[in-house]
Number of protein chains: 2
Amino acid sequence: MPHPPVHSPTILCTVDVVLLTLTADGLQVALLVRDRAPHAGALALPGGFVRPTEDSGTRDAAARMLREKTGLHSPYLEQLATFSGPDRDPRGWSVSVVYYALVPPMAPDDGAPAAVEWHPVDRLPPLPFDHAEIVRQALARVRSKSQYSSLPVHLCGERFTLPQLKLVYEAVLGERVNQVSFRRRMDELGMLEPMVGETVGGAHRPAQVWRVKEAFRGELSLSERVLAGRD
Amino acid sequence: MPHPPVHSPTILCTVDVVLLTLTADGLQVALLVRDRAPHAGALALPGGFVRPTEDSGTRDAAARMLREKTGLHSPYLEQLATFSGPDRDPRGWSVSVVYYALVPPMAPDDGAPAAVEWHPVDRLPPLPFDHAEIVRQALARVRSKSQYSSLPVHLCGERFTLPQLKLVYEAVLGERVNQVSFRRRMDELGMLEPMVGETVGGAHRPAQVWRVKEAFRGELSLSERVLAGRD
């Protein structure tokens, strides 16, 4: 027997995604021009209503949003937090379950619809709703988590050298990382494997090429110690 | 001009709270007998519908839930995560924004309504909805966060000695903590102040009594290193 109907108050339930990548110009966040009210025409985070007939949960809704609006399939995706209240959306009392996702830099023909605009996180245009605060909290989470995990590898392409990966960590953390402790930490995290016989660079000091082990591609490896600037 | 009505799909929006305390029998979670369907009569986490006319956000709804259902006012309260999907609540597609709260052990006359039952986290009765999974994730978060923060002080009464606080950390972490590194970490966290002239214990080695500084009572102090078992 189905449960009797519930007279629950109407609350708008949305999902928003902070999609980040890293270029030579630093961390970038994906913004889209809104095609409907409220704030039609403004640049905002990709997001939309949860669809109970389609989505198996808010994570599934966030993955659908990324597929539909940015052309991305299953990047690294994690729940950030839920934002709520009567004033954040002019349509009414709303809850937005926010996820963040990390992807390697994409070439223009990588399938992302032309509507996606990448903006440096430190020079964002004014954003509608509470999206500026959402981006701020996402950056704080990514930086904090990068201190003790393999999170930044999701910003790399499939193959990279350790010096390249170190630059990615430094760009995310916003500070220099000691080379010896970086290599020790990567050893401890244990998520990389060498591409046998593949090196790049000069004949005298070629750099080994690495990739993320299969088991860690959608996952994180956690360290017990923070990485940067403290040893 | 008010925004035109939105035809958004109906999603149940609730808040649940994992309220934890620590007794000689370990970490305890507060459960309440449900007084209505679904699962009437079952023990469950304190929770209920968000009320758009009353609540300024889900955090405010969680604080209201604790006041109304447990008699507690403004304990340490933090968002855990949001749980969602079509099957977790028989009434329909639902979102529950979950918070966790930590309080010192309460005497029976501390104002908690008699309906609150404390259960050891490692011997919970079967719980309805996805409440068992929610408690599991809350414990993982509290243990992880206790490794590098002042979180466990919220389980202490107003005044305590360092040996007492160390026992609280050990009970939360489930492992022994080295005494020297514990005292060093408490120094680094910088959130304690001595009660001048107050000591307890024998005449030969009286223990200083401490309390949490005013500025840290609703907050956390974060360390850059994890605490237990690694130095």
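The values are calculated or read from the model by the stated rules, or taken from the named source; none is laboratory data. From a predicted model like this one, the values you see are computed outputs, not experimental measurements. Cβ placement follows ideal geometry from the backbone for every residue including glycine, while neighbour counts extend to all protein chains displayed.
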Of all residues in the range B:44-78, how many are in contact with a helix residue (DSSP H, G or I) (Cβ under 9 Å, 6 or more places away or on another chain) and not charged (D, E, K, R)? 13
Flag if B:Ser56 is away from every other protein chain (no Cβ under 13 Å) and among the polar types (S, T, N, Q): no
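Mind listing just one residue for me: the one in the range B:158-214 that is farther than 20 Å from B:Gln147 by Cβ and among the basic types (Lys, Arg) and, of those, surrounded by the fewest Cβ atoms within 10 Å (Cβ to Cβ)? Write out each step before concluding.
The first filter runs over the range B:158-214 and keeps only residues farther than 20 Å from B:Gln147 by Cβ, leaving B:158-159, B:161, B:193-211, B:213-214.
Add one more test, that the residue is among the basic types (Lys, Arg), and what stays is B:159, B:205, B:211, B:213.
Numbers: B:Arg159: 13, B:Arg205: 7, B:Arg211: 19, B:Lys213: 13.
Across the range B:158-214, the extreme among qualifying residues is B:Arg205.
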Looking at (1) buried (at least 19 other Cβ atoms within 10 Å of the Cβ); (2) modelled with pLDDT of 95 or more, which is the only condition B:Glu133 fails? (1)
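To keep it simple, each residue is scored yes or no on (1) over 15 Å from B:Gly47 (Cα atoms); (2) in contact (Cβ under 8 Å) with a residue 40 or more places away in the chain; (3) out of contact with any strand residue (DSSP E or B) (no Cβ under 6 Å at 6 or more places or on another chain).
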residue	(1), (2), (3)
B:His119	yes, yes, no
B:Arg123	yes, no, yes
B:Phe129	no, yes, yes
B:Ala132	no, no, yes
B:Ala140	yes, no, yes
B:Gln147	yes, yes, yes
B:Val153	yes, yes, no
Take A:Leu31 and decide whether it is over 30 Å from B:Pro90 (Cα atoms) and in contact with a Cys (Cβ under 9 Å, 6 or more places away or on another chain). no
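Every residue in the range A:52-65 that is touching a Phe, Trp or Tyr at 6+ places or on another chain (Cβ under 9 Å) and charged (D, E, K, R), please. Step through it out loud before you land on a result.
Step one: filter the range A:52-65 for residues touching a Phe, Trp or Tyr at 6+ places or on another chain (Cβ under 9 Å), giving A:52-53, A:55, A:57-59, A:61-63, A:65.
Answer for the range A:52-65, where residues must be touching a Phe, Trp or Tyr at 6+ places or on another chain (Cβ under 9 Å) and charged (D, E, K, R): A:Asp55, A:Arg59.
Filter the range A:166-180 for residues that are part of a helix (DSSP H, G or I) and over 17 Å from the mean Cα position of the chain (by Cα) and give the result.
To start, the set of residues in the range A:166-180 that are part of a helix (DSSP H, G or I) comprises A:166-173, A:179-180.
Across the range A:166-180, the qualifying residues are A:Lys166, A:Leu167, A:Gln179, A:Val180.
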Give, as residue ranges, the strands (runs of 3 or more DSSP E) completely inside the range A:23-120 that count at least 1 residues that are crowded, with 22+ Cβ neighbours inside 10 Å and of a type in the set (Gly, Ala, Ser). A:26-33, A:47-49, A:76-85, A:94-102
Among the residues of the range A:13-29, write down those that are over 20 Å from A:Lys69 (Cα atoms) and not hydrophobic (A, V, I, L, M, F, W, C). A:Thr23, A:Asp25, A:Gly26
Residue check, A:Thr10 within 12 Å of another protein chain (Cβ to nearest Cβ), among the β-branched types (Val, Ile, Thr) and surrounded by fewer than 18 Cβ atoms within 10 Å (Cβ to Cβ): yes
If the Cβ limit is 6 Å and pairs must be 6+ apart or interchain, which residue in the range A:155-167 that is within 11 Å of A:Val177 (Cβ to Cβ) pairs with which residue that is at pLDDT 90 or above and assigned to a helix (DSSP H, G or I)? A:Lys166/A:Phe182
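Across the range A:70-84, what is the total count of residues that are within 24 Å of B:Gln137 (Cβ to Cβ) and either in contact with a Lys or Arg (Cβ under 9 Å, 6 or more places away or on another chain) or within 7 Å of chain B (Cβ to nearest Cβ) (or both)?
Narrowing the range A:70-84 to residues within 24 Å of B:Gln137 (Cβ to Cβ): A:74-84.
So of that shortlist, the ones also either in contact with a Lys or Arg (Cβ under 9 Å, 6 or more places away or on another chain) or within 7 Å of chain B (Cβ to nearest Cβ) (or both) come out as A:74, A:76-82, A:84.
Final tally of qualifying residues: 9.
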Counted residues, the range A:35-53 - those being within 14 Å of chain B (Cβ to nearest Cβ) and more than 16 Å from the chain's Cα centre (by Cα): 11
